[in-house]
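Student: The structure that follows is given in the form of structure tokens.
We did not get these values from a lab; they are worked out from the coordinates using the rules stated. In this text, all values refer to a predicted model and were calculated from it rather than measured experimentally. Cβ: placed from backbone, ideal geometry, glycine included. Neighbour counts: every protein chain shown.
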Amino acid sequence: MLLWSGFILFIVLLLALDLGVFNRKSHVITTKEALGWTSLWVSVSLLFSFFVYFAYRDHWFGLGMEHGHPLAPETAVLKYLTGYIVEQSLSIDNIFVIAIIFSYFHIPKQYQHRVLFWGIVGAIVFRGLMILAGSFLIERFSFITYVFGAILLYSAYKMLSSDHEKMDPNKNPVVTFFKRYFPVVRTIQGEKFFIKRMGKTMATPLFIALLVVETTDIMFAFDSIPAIFAITTDPFLVFSSNIFAILGLRSLYFVLVSVINRFKYLQYSLVLILVFVGIKMLLIQVVHMPEWLSFAVILLLLGGGIIFSLIMEKKEERANKVES
């Protein structure tokens, strides 16, 4: 309990410094600033792997002994890093959707950070609950791994066939339900989520955008949580890798949003990653893949999608020059 409390306190401290100190005033996040924050979050996430190594080597607070046999520190680090990369890569698809949500509700750039910050806080709470539920189910029902594997394969199909451009945030059932019972003003009211008019509390479009971001993340969590359980069932590794990936999502959004169209084929890499971890989970009782190999395959799939996207972009640019 002390370990979990300390880790959660550490995350709360990071979030408090983020919004309460460094981003206290609403402003447009520049690409340079976003790159700095992304580098910071990635560095913190990677440095945490040193904590994982020593904690699992010396079994601090009983880490690595949950299943009755010790988990080697090198294996723990590989599982943590693999889980982190999987969660971070799957969050890229979430960024596409967030960009559409902000565009749909005409959210000014200087307020997008505020919406994302509270969206991240909600995501941390909800994913923590989902991870607890997943750990409980896997520990008591061995067949649940096959259910998670099937969910991942279905998620891969859904990602491949989905068209984010046709998404209508106003048709979100949570938004529809909220608007039915709570008044909403039509215009942005600065950075406020709620205002008072004639003694009545009213929500702003900023809060409606936050609702859509939160519910969208919940849908993505149903894909990403089973994916991390395909890497490891150790509760602390699952939770820490997931949370660090979420913490970096906000700054990563501001880095990628301006160049998101350059990575047209990255979605296929994400589909292949989901298929890979889904099959791995379905065959978990038959095939025991080394941790380094899983790590390498996922890096190869992700890197391949990025490189192929850039190559195809160059070819399209050359073709356009020839035509003109």
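Student: Using only the Cα atoms of segment 250-324, construct the convex hull and provide its projected area averaged over every direction, in square nanometres to one decimal.
Tutor: Its Cα hull, projected and averaged over all orientations, spans 6.8 nm².
Student: Using a simple spin-label model with points 7 Å from Cα along the Cα→Cβ vector, what separation in nm is obtained for residue 142 and residue 189?
Tutor: For the pair residue 142/residue 189, the computed spacing is 5.7 nm.
Student: Using 0.36 nm per residue of separation minus the Cα-Cα distance, give me the extension gain between residue 311 and residue 196 in nm, one decimal.
Tutor: 36.1 nm
Student: Another question, then. Rounded to the nearest 500 deg cm²/dmol, what is the calculated helix-only ellipticity per residue at 222 nm for the chain, with -39500 (n - 2.57) per DSSP H run of length n ≥ 4?
Tutor: When only DSSP H runs of four or more count, the value is -25000 deg cm²/dmol.
Student: Which value, in debye to the nearest 20, describes the size of the charge dipole of segment 34-164 about its Cα centre when Lys and Arg Cβ atoms bear +1, Asp and Glu Cβ atoms bear -1, and nothing else is charged?
Tutor: Dipole size: approximately 260 debye.
Student: Could you give each residue of segment 180-189 its phi-based ³J(HN,Hα) in whole Hz, using Karplus coefficients 6.51, -1.76, 1.60 with θ = phi - 60°, and x for Gly or Pro?
Tutor: Working through the residues one at a time gives 5, 10, 9, x, 10, 7, 8, 10, 5, 10 Hz.
Student: Could you compute Rg(Cα) / (2.2 N^0.38 Å) for the chain, with N its residue count?
Tutor: Dividing the Cα Rg of the chain by 2.2 N^0.38 Å gives 1.05.
Student: Still on this structure: For the chain, with the dipole built from +1 on Lys and Arg beta-carbon atoms and -1 on Asp and Glu ones, taken about the Cα centre, which of 249, 285, 142 lies farthest toward the positive end?
Tutor: Comparing the listed Cα positions along the dipole, 249 ranks first.
Student: Another question about this same structure. Sequence gap at least 6, Cα distance under 8 Å: using those rules, report the relative contact order of the chain to the nearest whole percent.
Tutor: 29 percent.
Student: Here is a further query. Hey, how many Å between the Cα centroid of segment 1-61 and the Cα centroid of segment 183-219?
Tutor: Taking the Cα centre of segment 183-219 as reference, the centre of segment 1-61 is 28 Å away.
Student: Take every Cα-Cα pair in segment 213-290 and report what % of them are more than 20 Å apart.
Tutor: So the portion of pairs separated by more than 20 Å is 45 percent.
Student: Also, I was wondering about something else. Compare the Cα positions of 9, 113, 48 along the charge dipole of the chain (+1 at Cβ of Lys, Arg; -1 at Cβ of Asp, Glu; about the Cα centre) and return the one farthest towards the positive end.
Tutor: It is 113, whose Cα lies furthest towards the positive end.
Student: Calculate the dipole size of segment 27-323 relative to its Cα centre from +1 charges on Lys and Arg beta carbons and -1 charges on Asp and Glu beta carbons; express the result in debye to the nearest 20.
Tutor: Approximately 1160 debye in magnitude.
Student: Using the scaling law 2.2 N^0.38 Å as the reference, what is the normalised Cα Rg of segment 184-324?
Tutor: The value comes to 1.46.
Student: Please work out the C-alpha center-to-center distance from segment 229-291 to segment 119-164 and express it in whole Å.
Tutor: Using only Cα atoms to place each centre, the spacing works out to 12 Å.
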